[in-house]
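The values are calculated or read from the model by the stated rules, or taken from the named source; none is laboratory data. Computed from a prediction, not measured in an experiment: that's the story for all the values here. Cβ placement follows ideal geometry from the backbone for every residue including glycine, while neighbour counts extend to all protein chains displayed.
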Amino acid sequence: MEEYIRAAKMSQDALQCSPLSLYVHIPSDVGRLDRYGRYLCKEIVWRGAYFDRSRVVEQLHFGGGTPTFLTSAALMQLMHNLAKHFQLTDAAERDYSIEIDPRSVDRATLLLLSDLGFNRVSLGAAPNLGSQSVNFDLIYGLPMQSLHTTHANRDVVSFGVGAIGRVGNLYLQNYVNHADYEAAIERGMLPTERGINA
(Lines give C-alpha, C1' and ligand atoms only; values in the text may rest on other atoms or scores of the structure.)
Protein backbone atom coordinates (compact mmCIF):
# COMPACT_ATOMS: atom_id res chain seq x y z
CA MET A 1 0.00 0.00 0.00
CA GLU A 2 2.75 2.45 0.98
CA GLU A 3 4.68 1.57 -2.18
CA TYR A 4 1.66 2.42 -4.32
CA ILE A 5 1.19 5.77 -2.58
CA ARG A 6 4.88 6.56 -3.02
CA ALA A 7 4.83 5.59 -6.72
CA ALA A 8 1.66 7.62 -7.36
CA LYS A 9 3.22 10.68 -5.69
CA MET A 10 6.42 10.30 -7.74
CA SER A 11 4.32 10.02 -10.91
CA GLN A 12 2.36 13.12 -9.95
CA ASP A 13 5.50 15.15 -9.23
CA ALA A 14 7.55 13.97 -12.21
CA LEU A 15 4.84 13.71 -14.85
CA GLN A 16 2.45 16.42 -13.78
CA CYS A 17 0.56 16.97 -17.02
CA SER A 18 1.33 13.69 -18.78
CA PRO A 19 -1.49 11.32 -19.77
CA LEU A 20 -2.51 8.26 -17.77
CA SER A 21 -3.08 4.62 -18.69
CA LEU A 22 -5.57 2.62 -16.62
CA TYR A 23 -6.07 -1.13 -16.42
CA VAL A 24 -9.20 -2.64 -14.83
CA HIS A 25 -8.92 -6.36 -14.13
CA ILE A 26 -12.03 -8.55 -14.07
CA PRO A 27 -10.68 -12.04 -13.21
CA SER A 28 -12.30 -15.12 -14.65
CA ASP A 29 -12.47 -16.90 -11.31
CA VAL A 30 -14.64 -14.34 -9.50
CA GLY A 31 -17.98 -15.95 -8.69
CA ARG A 32 -20.05 -12.84 -8.06
CA LEU A 33 -18.89 -10.39 -10.68
CA ASP A 34 -21.35 -7.62 -9.86
CA ARG A 35 -20.24 -7.66 -6.23
CA TYR A 36 -16.66 -7.52 -7.47
CA GLY A 37 -17.67 -4.55 -9.65
CA ARG A 38 -18.90 -2.68 -6.57
CA TYR A 39 -15.51 -3.22 -4.89
CA LEU A 40 -13.79 -1.96 -8.04
CA CYS A 41 -15.85 1.23 -7.85
CA LYS A 42 -14.59 1.78 -4.29
CA GLU A 43 -11.01 1.20 -5.42
CA ILE A 44 -11.44 3.70 -8.27
CA VAL A 45 -12.40 6.37 -5.71
CA TRP A 46 -9.39 5.48 -3.55
CA ARG A 47 -6.85 5.41 -6.39
CA GLY A 48 -8.27 8.43 -8.18
CA ALA A 49 -7.45 10.60 -5.18
CA TYR A 50 -3.72 10.23 -5.92
CA PHE A 51 -3.83 11.64 -9.45
CA ASP A 52 -4.52 15.15 -10.70
CA ARG A 53 -7.81 15.24 -12.64
CA SER A 54 -6.14 17.29 -15.37
CA ARG A 55 -4.17 14.19 -16.46
CA VAL A 56 -6.10 12.72 -19.39
CA VAL A 57 -6.61 8.96 -19.56
CA GLU A 58 -5.37 8.17 -23.07
CA GLN A 59 -5.33 4.41 -22.58
CA LEU A 60 -7.93 2.34 -20.76
CA HIS A 61 -8.13 -1.45 -20.80
CA PHE A 62 -10.69 -3.74 -19.19
CA GLY A 63 -9.05 -7.17 -19.09
CA GLY A 64 -8.93 -10.48 -17.30
CA GLY A 65 -11.01 -12.34 -19.85
CA THR A 66 -14.49 -11.74 -18.48
CA PRO A 67 -15.39 -8.02 -18.35
CA THR A 68 -18.45 -8.65 -20.51
CA PHE A 69 -19.85 -11.09 -17.97
CA LEU A 70 -20.62 -8.02 -15.86
CA THR A 71 -24.16 -6.78 -16.30
CA SER A 72 -24.74 -3.71 -18.45
CA ALA A 73 -25.60 -1.78 -15.28
CA ALA A 74 -22.31 -2.81 -13.63
CA LEU A 75 -20.28 -1.82 -16.71
CA MET A 76 -22.04 1.56 -16.84
CA GLN A 77 -21.42 2.09 -13.11
CA LEU A 78 -17.70 1.30 -13.52
CA MET A 79 -17.33 3.75 -16.40
CA HIS A 80 -19.34 6.39 -14.50
CA ASN A 81 -16.99 6.05 -11.53
CA LEU A 82 -13.90 6.18 -13.73
CA ALA A 83 -15.22 9.35 -15.41
CA LYS A 84 -15.96 10.89 -12.02
CA HIS A 85 -12.47 10.31 -10.61
CA PHE A 86 -10.28 10.36 -13.72
CA GLN A 87 -10.23 12.54 -16.84
CA LEU A 88 -11.60 10.25 -19.56
CA THR A 89 -11.59 11.47 -23.15
CA ASP A 90 -13.59 10.92 -26.31
CA ALA A 91 -10.68 11.98 -28.54
CA ALA A 92 -10.35 9.83 -31.67
CA GLU A 93 -6.76 8.89 -30.79
CA ARG A 94 -7.71 7.39 -27.41
CA ASP A 95 -7.10 3.68 -26.92
CA TYR A 96 -9.98 2.30 -24.83
CA SER A 97 -10.14 -1.46 -25.16
CA ILE A 98 -12.07 -4.29 -23.57
CA GLU A 99 -11.71 -8.06 -23.70
CA ILE A 100 -14.94 -9.74 -24.67
CA ASP A 101 -16.14 -13.31 -24.31
CA PRO A 102 -18.31 -14.24 -27.31
CA ARG A 103 -20.64 -16.24 -25.04
CA SER A 104 -21.61 -13.06 -23.20
CA VAL A 105 -21.89 -10.57 -26.05
CA ASP A 106 -24.61 -9.69 -28.50
CA ARG A 107 -25.13 -6.66 -30.73
CA ALA A 108 -26.78 -4.68 -27.92
CA THR A 109 -23.75 -5.28 -25.68
CA LEU A 110 -21.36 -4.18 -28.42
CA LEU A 111 -23.37 -1.02 -28.97
CA LEU A 112 -23.30 -0.34 -25.22
CA LEU A 113 -19.51 -0.78 -25.15
CA SER A 114 -19.17 1.66 -28.02
CA ASP A 115 -21.47 4.14 -26.22
CA LEU A 116 -19.32 3.77 -23.09
CA GLY A 117 -16.28 4.90 -25.08
CA PHE A 118 -14.54 1.63 -25.94
CA ASN A 119 -13.05 1.85 -29.42
CA ARG A 120 -11.16 -1.45 -29.42
CA VAL A 121 -12.30 -4.94 -28.60
CA SER A 122 -10.17 -7.97 -27.97
CA LEU A 123 -11.34 -11.25 -29.53
CA GLY A 124 -14.70 -10.27 -31.06
CA ALA A 125 -15.43 -8.54 -34.33
CA ALA A 126 -17.33 -5.26 -34.29
CA PRO A 127 -15.62 -3.03 -36.85
CA ASN A 128 -18.95 -1.61 -38.00
CA LEU A 129 -19.69 -0.43 -34.43
CA GLY A 130 -16.83 2.04 -34.17
CA SER A 131 -13.98 -0.29 -33.15
CA GLN A 132 -10.71 0.72 -34.78
CA SER A 133 -9.02 -2.65 -34.36
CA VAL A 134 -9.68 -6.19 -33.27
CA ASN A 135 -7.34 -8.36 -31.19
CA PHE A 136 -7.31 -12.13 -31.32
CA ASP A 137 -6.12 -14.24 -28.40
CA LEU A 138 -5.01 -17.59 -29.81
CA ILE A 139 -5.01 -20.27 -27.13
CA TYR A 140 -2.99 -23.44 -27.40
CA GLY A 141 -2.80 -26.48 -25.19
CA LEU A 142 -6.51 -27.23 -25.57
CA PRO A 143 -7.96 -30.76 -25.61
CA MET A 144 -7.36 -32.62 -28.88
CA GLN A 145 -5.28 -29.73 -30.24
CA SER A 146 -2.13 -30.39 -32.22
CA LEU A 147 0.68 -28.23 -33.54
CA HIS A 148 -0.97 -28.47 -36.98
CA THR A 149 -4.36 -27.16 -35.77
CA THR A 150 -2.65 -24.39 -33.77
CA HIS A 151 -0.85 -23.22 -36.92
CA ALA A 152 -4.05 -23.55 -38.96
CA ASN A 153 -5.91 -21.29 -36.49
CA ARG A 154 -3.12 -18.73 -36.67
CA ASP A 155 -3.22 -18.80 -40.48
CA VAL A 156 -7.01 -18.31 -40.58
CA VAL A 157 -6.78 -15.29 -38.28
CA SER A 158 -3.86 -13.84 -40.24
CA PHE A 159 -5.75 -14.33 -43.53
CA GLY A 160 -8.89 -12.63 -42.19
CA VAL A 161 -7.05 -9.62 -40.85
CA GLY A 162 -7.08 -7.76 -44.17
CA ALA A 163 -10.86 -7.81 -44.31
CA ILE A 164 -11.25 -6.65 -40.72
CA GLY A 165 -8.66 -3.87 -40.54
CA ARG A 166 -5.69 -3.17 -38.30
CA VAL A 167 -4.87 -5.89 -35.80
CA GLY A 168 -3.86 -4.80 -32.32
CA ASN A 169 -2.10 -7.99 -31.18
CA LEU A 170 -1.73 -11.62 -32.09
CA TYR A 171 -0.33 -13.76 -29.31
CA LEU A 172 -0.56 -17.21 -27.86
CA GLN A 173 -1.75 -18.12 -24.40
CA ASN A 174 -0.41 -21.38 -22.99
CA TYR A 175 -2.89 -23.43 -20.99
CA VAL A 176 -0.63 -26.48 -20.91
CA ASN A 177 0.17 -27.53 -17.32
CA HIS A 178 -2.52 -25.41 -15.70
CA ALA A 179 -3.68 -27.85 -13.03
CA ASP A 180 -7.21 -26.43 -12.72
CA TYR A 181 -7.89 -26.86 -16.42
CA GLU A 182 -6.23 -30.26 -16.62
CA ALA A 183 -8.28 -31.59 -13.70
CA ALA A 184 -11.51 -30.97 -15.61
CA ILE A 185 -10.33 -32.76 -18.77
CA GLU A 186 -9.93 -36.48 -19.40
CA ARG A 187 -6.37 -37.78 -19.20
CA GLY A 188 -4.71 -38.15 -22.57
CA MET A 189 -6.76 -35.44 -24.29
CA LEU A 190 -4.39 -32.57 -23.43
CA PRO A 191 -1.27 -32.09 -25.53
CA THR A 192 2.02 -32.12 -23.67
CA GLU A 193 4.39 -29.18 -23.75
CA ARG A 194 6.75 -31.28 -25.82
CA GLY A 195 3.98 -32.15 -28.25
CA ILE A 196 2.67 -28.63 -28.69
CA ASN A 197 6.12 -27.11 -29.06
CA ALA A 198 7.54 -29.81 -31.32
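For segment 44-63, a residue qualifies if it is surrounded by fewer than 18 Cβ atoms within 10 Å (Cβ to Cβ) and closer than 22 Å to residue 122 by Cβ, and the qualifying residues are 59, 63. Put simply, of 82, 111, 75 the only residue that is assigned to a helix (DSSP H, G or I) and more than 24 Å from residue 32 (Cβ to Cβ) is 111.
Here residue 97 does not qualify as of a type in the set (Gly, Ala, Ser), out of contact with any helix residue (DSSP H, G or I) (no Cβ under 7 Å at 6 or more places or on another chain), surrounded by fewer than 17 Cβ atoms within 10 Å (Cβ to Cβ) and within 21 Å of residue 120 (Cβ to Cβ).
Among the residues of segment 40-68, those identified as modelled with pLDDT under 85 and within 16 Å of the chain's Cα centre (by Cα) are 64, 65, 66. Just one of (1) closer than 24 Å to residue 83 by Cβ; (2) modelled with pLDDT under 65; (3) under 17 Å from the mean Cα position of the chain (by Cα) fails for residue 104. It is (2). When segment 67-88 is filtered for residues that are buried (at least 16 other Cβ atoms within 10 Å of the Cβ) and of a type in the set (Ser, Thr, Tyr), only 68 remains. Does residue 82 meet the test of being under 14 Å from residue 59 (Cα atoms), in contact with a strand residue (DSSP E or B) (Cβ under 6 Å, 6 or more places away or on another chain) and either modelled with pLDDT of 90 or more or not assigned by TED's automatic domain parsing to the domain that holds residue 27 (or both)? Answer is no for this residue.
Only a single criterion out of (1) of a type in the set (Lys, Arg); (2) within 26 Å of residue 4 (Cβ to Cβ); (3) crowded, with 19+ Cβ neighbours inside 10 Å is not satisfied by residue 120, namely (2). Is one or more of the residues making up segment 9-19 within 17 Å of the chain's Cα centre (by Cα), under 24 Å from residue 122 (Cα atoms) and either without any contact (Cβ under 8 Å) to a residue 40 or more places away in the chain or assigned by TED's automatic domain parsing to the domain that holds residue 119 (or both)? No, every residue in segment 9-19 fails to be within 17 Å of the chain's Cα centre (by Cα), under 24 Å from residue 122 (Cα atoms) and either without any contact (Cβ under 8 Å) to a residue 40 or more places away in the chain or assigned by TED's automatic domain parsing to the domain that holds residue 119 (or both).
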